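The structure appears right after this line, and notes come after that.
The values are calculated or read from the model by the stated rules, or taken from the named source; none is laboratory data. What you see is a predicted model; the values in this text were computed from it and never measured. Ideal geometry is used to build each Cβ from the backbone, glycine not excepted, and the neighbour counts take in all protein chains shown. Keep in mind that these areas ignore ligands, DNA and RNA; they rest on the heavy atoms of the full protein, side chains included. Shrake-Rupley method; radii C 1.70, N 1.55, O 1.52, S 1.80 Å.
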Amino acid sequence: MMKVLVAGACEHTGRCLYEYLSKHPHYEPFAVINEEERKTALEYMTEERIIVENAGNSRLRELVHEADAVIYAGGCDEQTNDAKVISSMLETTKNLIDMAKSCGVGRFILLSAMGADDPQGAFEDYLYKKREAEDYLKNSGLHYTIIRPGHLVHGEPSGKIKMKENIEWIGDPDITCGDVARVLASALDSDRLKNKTFEITSGEKSVDDAIKDV
């Protein structure tokens, strides 16, 4: 069984991911959350699956040391453009990467955003922080996968996506949080996605077929 730490598990994509992994017999997920998110987290997970995010938290370090993989699924709302929020997002991501490296974690999967390769527009600051997180992970020496989804929407996942290293923007590149969660989960076992960055939107291929074709 693969032990997986999911940071950002109280955000919509993180919650979809945690619930997907918890139903899969191959995975043993744990949720890394903020203290103020505990009440929400307890609505869909047990207390023993919760780790409060804190650099001095010995239980967090112990679980990172035992983990086979860490997924940072937080900070994925591109509508969040508050300087304090996005700076905190970057700091949290870097701290988790540092901890994963020092504990010898096998893989780190980062949820980023389309546009992080060329930050501009109304959410330029947010995208710059996402790109900085990407670069920090790439330079960490960890095995990684970076997933850049298009505009996240709620609703039932279609199970159909488009996945490429670079997707030309045409209209609004939407994708459901549930479909993104499935891609993040699939990255745990895919050597085809190791040490690479991919952009994803809704599309016409199943997740499995899209990964096979990259």
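Springs between alpha-carbon pairs under 10 angstrom, Gaussian network model over the chain: which of Leu42, Leu184, Leu110 fluctuates most?
Leu42
Label points 7 Å out from Cα along the Cβ direction at Lys3 and Ser88: separation in nm?
So the label points at Lys3 and Ser88 sit 2.9 nm apart.
Which one, Ser88, Pro173, Gly106, projects farthest toward the positive side of the charge dipole computed for the chain from Cβ point charges (K/R +1, D/E -1)?
Value: Gly106.
Translational D (Stokes-Einstein, µm²/s) of the range 86-126 at 25 °C and 0.890 mPa s when Rh comes from the Kirkwood sum over C-alpha pairs?
207 µm²/s
Counting pairs of Cα atoms in the chain, how many percent are more than 25 Å apart?
Result: 31 percent of Cα pairs exceed 25 Å.
Per 5 Å bin, what percent of the C-alpha pairs of the range 25-72 does each bin hold, from zero upward?
5, 20, 31, 26, 15, 3, 0
Between rounded, prolate and oblate, where does the range 87-214 land on the alpha carbon gyration tensor, with a ≥ b ≥ c its root eigenvalues, rounded for a/c under 1.5, else prolate if a/b exceeds b/c?
oblate
Where in the chain is the longest stretch that carries no trypsin sites (Lys or Arg not before Pro) classed as loop by DSSP and with at most 14 other Cβ atoms within 10 Å?
Maximal segment without exposed cleavage sites: 24-193.
Taking just the alpha-carbon atoms of the range 129-192, what radius of gyration and Dmax come out, in angstrom?
Final numbers for Rg and Dmax: 13.1, 36 Å.
Provide the gained length on full extension for the span Lys194 to Val52, in nm with one decimal, where the gain is 0.36 nm per separating residue minus the Cα-Cα distance.
Answer, rounded to one decimal: 48.3 nm.
Please give the per residue accessible area of the range 1-51, computed with a probe of 1.4 Å over protein heavy atoms only, in Å².
Ligands and nucleic acids excluded, the figure is 49 Å² per residue.
Say a site is exposed when it is one of the chymotrypsin sites (Phe, Trp or Tyr not before Pro), sits in a DSSP loop, and has at most 16 other Cβ atoms within 10 Å; what is then the longest site-free stretch of the chain?
Answer - 45-168.
Quick one: among Val70, Val32, Val52, which has the greatest mean-square fluctuation in a GNM of the chain with alpha-carbon springs under 10 angstrom?
Greatest mean-square fluctuation among the candidates belongs to Val52.
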